[in-house]
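Reading through the structure tokens given below for one structure.
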Amino acid sequence: MTGDLAAFVRGLPKAELHLHLEGTLEPELKFMLAQRNGVELAEKTVAEVKATYRFHDLTSFLRVYYPAMRVLQQPRDFHDLAFDYLTRAHADGVRHVEMFFDPQAHTGRGVPFHTVISGYRSAIVAARREFGISAELILCFLRDHSAEYAMATLLEALPYKDWIIGVGLDSDERGNPPSKFADVFARARQEGFLLTMHCDIDQTDSIEHIRQAIEDIGVDRIDHGTNIIEDDRLVELAKSSGLALTCCPVSNSFVTNRMKADEITALLDRGLVVTVNSDDPSYFDAYAADNYLALARQADLGVEHLVRLAENSFRASWIPAAKLERYLHDIREYVAAYS
Ligand code: ADE
Ligand code: ZN
């Protein structure tokens, strides 16, 4: 199996639950969109773009991430971005994906909310028709902006409720705790959205932020959240309630000095619903299957752990029970056929 592990992982049915659509902008598409929209770029080659991908923490990553988005202007730009990602995800064995988008990163520079979401939505419909992949959208609020701006964005999204499964919280966590957005998340829950939020790796107040997300906000899932391992009480709480973590090993190695493979594996072994995801695959040069493989190599995981991670990805997702059973069945069939 060792030689075939990559092929096994690529074919393994899986869900991806921590994926920023704006983080899938490949340099080639960036050039194409820049030309389409008459945007002048400082970098002229793919190598020059990639040379700017030098990050040492979340903040330095975000400084490269947001300016790149200015090439996204028309509905078809957002469509192309999402469709390209869904095409790659399908090739990686991803059957279902719940994708973040950052409307404020676009409305804040004058691109209407409708332009953003209609482009993403048409890609979801097209990819389902073409590949049978199912996809949902999660609207993320930018936590380094005000709670009032987040609330206004939530209200702007209400007419599109049927296209959005949940809300999340991302961007720079320093000094921006979950509690800042308590009212916004309470209103989102009232409106029927599911709730998740980033508790990024090694933040100043990681444990307190995780506690607030679980106990004060009542999230349905946590994005990253790996620092929970430092607090036994929170680990037990997450375990007893089946609260899932969407971990991103390769991303961790870009914004901290390690993949946190030991922590991720320990949480998995302690019975938490740990999942593996790509976060911003274009910037970290690793899509879904690459993340499974990187973790497997780093923590010396075999088929049994990889299968558990794939099963968890569907258990942690927001799909109906019947669909979950079908995907778990597909995994069992795939593994049986492989061995
Ligand atoms: N925006 C895009 N990726 C992010 C991450 N990993 N954490 C916070 N905000 C993000
Ligand atoms: Zn993320």
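The values are calculated or read from the model by the stated rules, or taken from the named source; none is laboratory data. Please read these numbers as outputs of a predicted model, since none were measured by experiment. Neighbour counts run over all protein chains shown; Cβ positions are idealised from the backbone, glycine included. Ligands, DNA and RNA are stripped out before the accessible areas are found, and what is left, the full protein with its side chains, is counted by its heavy atoms. Shrake-Rupley method; radii C 1.70, N 1.55, O 1.52, S 1.80 Å.
Once the Cβ-Cβ distance of V46 and T87 is raised to the sixth power relative to R0 = 22 Å, the FRET efficiency obtained is 0.75. Take the Cα of M151, go 7 Å toward its beta carbon, and the backbone nitrogen atoms of the stretch 163-201 under 19 Å from that spot belong to 167-170, 176-193. Extension gain for Y338 to S240 (0.36 nm times residue separation, less C-alpha to C-alpha distance): 32.0 nm. For K239, the lysines whose Cα comes closer than 30 Å to its Cα, not counting residues fewer than 8 places off in the same chain, are K14, K180, K260, K323. The modelled label-to-label distance between R258 and I207, using points 7 Å beyond Cα along the C-beta direction, is 1.7 nm. The slack between F131 and E325, meaning 0.36 nm per residue of separation minus the straight C-alpha distance, is 67.8 nm. Peptide packing: for 90-103, 275-288, the average count of neighbouring Cβ atoms within 10 Å per residue gives the ranking 275-288, 90-103, highest mean first. Using a simple spin-label model with pseudo-atoms 7 Å out from Cα toward Cβ, E191 and W318 lie 1.2 nm apart.
Rounded to 0.05, the FRET efficiency of the D269 and L158 pair, given R0 = 41 Å and the Cβ-Cβ distance, is 0.50. Per the Cα gyration tensor, the chain maps to an equivalent ellipsoid with semi-axes of 28, 24, 20 Å, ordered largest to smallest. Per residue, the chain exposes 39 Å² of solvent-accessible protein surface, assessed with a 1.4 angstrom probe and all protein chains in place. Taking all protein chains as present, what is the carbon and sulfur share of the accessible area of the stretch 5-338, in % to the nearest whole number, probe 1.4 Å? That share works out to 50 percent. Estimated purely from DSSP H runs of n ≥ 4, each contributing -39500 (n - 2.57), the mean residue ellipticity at 222 nm for the chain is -15000 deg cm²/dmol once divided by its residues. Averaged over residues, the count of other Cβ atoms within 10 Å places the peptides 264-270, 221-227, 37-43 in the sequence 221-227, 264-270, 37-43, highest first. According to the Kirkwood relation over distinct C-alpha pairs, the hydrodynamic radius of the stretch 52-148 is 14.5 Å.
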